[in-house]
Every structure is written in structure tokens, then in C-alpha cells.
Amino acid sequence: MEFIDYYKVLGIGKKASETDIKKAYRKLARKFHPDLNPNDTEAEKKFKQINEANEVLSDPEKRKKYDQYGKDWQHAEEFEKQKKARQQESGFGGYTYSGGQSADDFSDFFENMFGGGGFRSSRRSARFRGQDFNAELQLNLTDTLTSHKQTLTVNNKKIRITIPAGVEHGQTIKIAGHGGQGVNNGPAGDLYITFNIRNNTAFGRENADLYKSQEIPLTTAVLGGEITIATLSGKVKLKVKPGTANGTKVKLKGKGLPKYKKEGQFGDFFVTYKVKIPTKLNKRQNELFQQLQETNL
Amino acid sequence: MEIEFTYIKDFCSSHDIEESFIFELHEYELIDLGSVNNQQCIFIEELPKVEKMVRLHRDLNINLEGLGAIYHLLDRTIALQNEVQLLKKRLNR
């Protein structure tokens, strides 16, 4: 283990002021920051050295200790006392590069001088959040009409979740804290569930609205009338206005799907009329149409 | 179906940065943002770039204009490195 001349690393003299240290550090950090030197292991190594030098010299207490015992770390009995005393010390500020931080970010010299109980532990035994888990859940569209509870098995653990009414296809919900366990008592990750919803109805769907094409007889379209159509909440009678054109769209307010996280609110049900043109007429019908034609209809 | 994005608020809370910084990066056209479930998010392929910007900003106090210039120069550096590698290989053949 070699003594490291932190002053030399930063290219400053022993009497350098705090400003000088800061200035030298910034200058070198800009030059050797790993993100600015892609694929350059030498720069990364240099950056770590600069970082370490700054960690020591920018802290008056550490600097004093370093100046006093640094060179004689192998022999100084006093240094041993310092080693014992350092256990209560906490971390000190500096750059926080974390793109490639590894176990050898700091030198053995640093570790012996300032120990693993202080700065190093504050970095090395950092608490890490657990991994996020992803799961997919298949549901029928009719399963989304009401909120209900369902038990899932994720990584051999059973989790009971509430599936909110109106959840949409492709939608992802987060179950906080049900992902992987954290490291060093870090928080657990989250569980993300993506819904794959199969439309098992005869209706088209867009958000909370439902769509249906409904055939109506030509005579109903012309003269008006009443039809019955099936919705998800039962059969509904609809009045067809006289003179209804092909493609006319009618809205049944609130007869669509429940709106996600909006209790008591529903989408609409849109019915598009397709006027059925008769293709096979009996003799009487044919005569009647001919009579209609003669009226220049 | 894999989650291929992270919500901005989740990213910011885990990196301890202000959401406004991410939106500023987007305004400066340095990163692309997406939207999932009506919430703005960062897609996985964009994450390394965003994390790099955050590190440079935080570590070196580089402002947004500087980040833009750096990103442009880094692109060129990497392209040149690749070219050098290719030429070296050709020379060794």
C-alpha cells in the first residue's frame, strides 16, 4: 500500500486554500469525468483519484489528519488511535458519479487512513431499492364492469389485489412495495401489473364508451318505430325517429363501461343504425314499391 | 408484456432530482419523453442518456446549454473512436 500525495493528484501546493482546492478539483473533474471520456479506463481511474483527493482535502478535519499523519501512516502510533476514533465519522461531500462505481473506487490508503466505518460505508452499504416486478393479467371485458378482488401469484408469493372497475386494455397499475426486496434494508421494489383485456362482448370499445351497429328495417327508418337492443346492463327499448338516415348515430348516455377510478360514472353507448335494404320482395311488396316510385319518392 | 418506461416522478424520486430538470432537458430537445396512462415517462432506451445528463449536471454543475454541447461532442467522439477502431483492425489484417 503506497502513500498517496493528494496534493500532487490535484496539482496544488500544501498551502493551497479551500478555493484553490475547489478550483483544481473542478478543473480536473471536468477533464476526467467518466461520462466525458467514454471507453477510457485511465480517465476513470484518474477521476477516482481526483475524487478521493478532494474528499480528503476539501474537508478541513480530514485534511488536518492527512497533513499530520498521512506520510507516516505506517509508523504512527497516533494514527492507530485515529483509526479507532474514526468509527463515528460520517461521510463527506464530493462528486457523486455512480455510472460505474465499483468496489475499488477508493484506494487502500484511503481506507486505512479514513476507514470503512466512515465515508466508505456511507457509499458502499448504500440502501438500494429492490427490483421492480412486471406481471400481466388477462381479463374479460365483462370482468371490468365492477371492482373486484383477485389473488395473484407473483414470484411464489400470493398477493390479493383489487382490480378497479373500468380498467383498460394495456393499462398498467403499480402495486407499491410488492416488487423485489431491497438491499441493505432499502425499500422493496414495486409490482407493475399490465392488463390484457379480451373483448368478450359484441360491442366495440373506446375508453369507457361502447359502440354497436344495429340493423333497422327500411320501413322503421322511414316511418319511425321502436326497437329493442341489448346493452351490458340489459335490454333497452329505443324509439327510432321517422326519416332516420343510414348511419345515424344515437347516444345512450351512461350505458357504457364504468369509468376508471370515477365511481358512479359511466361511458356512453353509441348505436349506429344500418338501414336494411330489402333484396327479396314478394309480389305485393314489389307492387307497393312501384306505387311509391310512381309518386316520385 | 414488459414495462419499458419509467414515470418521470418515479425516476426523479429515485435519483433525487427535481422533475423540472427533466422537463427542461426535454424543452432543450436533449431527451425524448413519452406518455403512458396520461403520465409523462422516460422510455428505457432513453434512460442511459438521461442518467448521464443528470450526472454531468449534478457532478460538474453543467447547465443545459453545456449539456447540449457536450452531448453533441460526445457523439462525435464516439463516432471517431469507432472509426479509429475500424481502421486499426484494417491495418492489422
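The values are calculated or read from the model by the stated rules, or taken from the named source; none is laboratory data. Keep in mind it's a predicted model, so treat the numbers as computed, not measured. Please note: Cβ atoms are built from the backbone with ideal geometry, for glycine as well, and neighbour counts cover all protein chains shown. Note: areas computed on protein heavy atoms with side chains; ligands, DNA, RNA excluded. Shrake-Rupley method; radii C 1.70, N 1.55, O 1.52, S 1.80 Å.
I'd like to know if segment A:239-261 contains one or more residues that are within 30 Å of B:Ser14 (Cα to Cα), of a type outside the set (S, T, N, Q) and open to solvent by 90 Å² or more (accessible area, probe 1.4 Å).
Checked against the condition, which is being within 30 Å of B:Ser14 (Cα to Cα), of a type outside the set (S, T, N, Q) and open to solvent by 90 Å² or more (accessible area, probe 1.4 Å), segment A:239-261 yields at least one hit.
Exactly one condition in (1) open to solvent by less than 80 Å² (accessible area, probe 1.4 Å); (2) more than 13 Å from chain A (Cβ to nearest Cβ) is not met by B:Glu65; state its number.
Unmet condition: (1).
Against the conditions (1) open to solvent by 70 Å² or more (accessible area, probe 1.4 Å); (2) more than 20 Å from A:Lys174 (Cα to Cα); (3) within 13 Å of chain A (Cβ to nearest Cβ), where does B:Glu24 fall short? Just the number, please.
(3) is the only condition that B:Glu24 fails.
Which of (1) at the interface with chain A (Cβ under 10 Å from one of its Cβ atoms); (2) closer than 30 Å to A:His169 by Cα; (3) charged (D, E, K, R) does B:Arg58 not meet, given it meets every other one?
(2)
Within segment B:35-47, does at least one residue satisfy the condition of being open to solvent by less than 80 Å² (accessible area, probe 1.4 Å), part of a loop (DSSP other than H, G, I, E, B), within 14 Å of chain A (Cβ to nearest Cβ) and aliphatic (A, V, I, L, M)?
No, that holds for no residue.
Among (1) closer than 30 Å to A:Glu168 by Cβ; (2) away from chain A (no Cβ under 13 Å); (3) open to solvent by less than 50 Å² (accessible area, probe 1.4 Å), there is one condition B:Tyr7 misses while meeting the rest; what is its number?
(2)
Are there any strands (runs of 3 or more DSSP E) wholly within segment A:170-255 with 1 or more residues that are modelled with pLDDT under 85, and if so which?
Counting at least 1 such residues, we get A:172-175, A:191-198.
For segment A:170-201, what are the residues that are within 13 Å of chain B (Cβ to nearest Cβ), surrounded by fewer than 15 Cβ atoms within 10 Å (Cβ to Cβ) and touching a Ser or Thr at 6+ places or on another chain (Cβ under 9 Å)?
Answer for segment A:170-201, where residues must be within 13 Å of chain B (Cβ to nearest Cβ), surrounded by fewer than 15 Cβ atoms within 10 Å (Cβ to Cβ) and touching a Ser or Thr at 6+ places or on another chain (Cβ under 9 Å): just A:Gly170.
Out of the residues in segment A:1-56 that are among the aliphatic types (A, V, I, L, M) and outside any helix (DSSP H, G or I), state the one that is nearest to the other protein chains (Cβ to nearest Cβ).
Ranking the candidates gives A:Ile12 first.
Does A:Tyr211 meet the test of being more than 20 Å from A:Ile277 (Cα to Cα) and touching a strand residue (DSSP E or B) at 6+ places or on another chain (Cβ under 8 Å)?
Here the answer is yes, as A:Tyr211 does meet what is asked.
Within segment B:68-81, can one find any residue that is more than 10 Å from chain A (Cβ to nearest Cβ) and touching a Phe, Trp or Tyr at 6+ places or on another chain (Cβ under 9 Å)?
yes
Condition check ((1) outside the structural domain of A:Leu281 (by TED's automatic domain parsing); (2) not basic (Lys, Arg)) across all residues:
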site: A:Ile163; (1), (2): yes, yes
site: A:Lys174; (1), (2): yes, no
site: A:Pro187; (1), (2): yes, yes
site: A:Ile193; (1), (2): yes, yes
site: A:Ser213; (1), (2): no, yes
site: A:Leu223; (1), (2): no, yes
site: A:Lys239; (1), (2): no, no
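Report whether or not B:Ile70 is over 30 Å from A:Ala188 (Cβ atoms) and either surrounded by 16 or more Cβ atoms within 10 Å (Cβ to Cβ) or of a type outside the set (Asp, Glu) (or both).
Yes, satisfied.
When you scan segment A:218-231, how many residues do you find that are surrounded by 13 or more Cβ atoms within 10 Å (Cβ to Cβ) and in contact with a Gly (Cβ under 8 Å, 6 or more places away or on another chain)?
The qualifying residues number 3.
Of the conditions (1) in contact with a Pro (Cβ under 9 Å, 6 or more places away or on another chain); (2) open to solvent by less than 40 Å² (accessible area, probe 1.4 Å), A:Ala16 satisfies every one except a single condition; which number is it?
The single condition A:Ala16 does not satisfy is (1).
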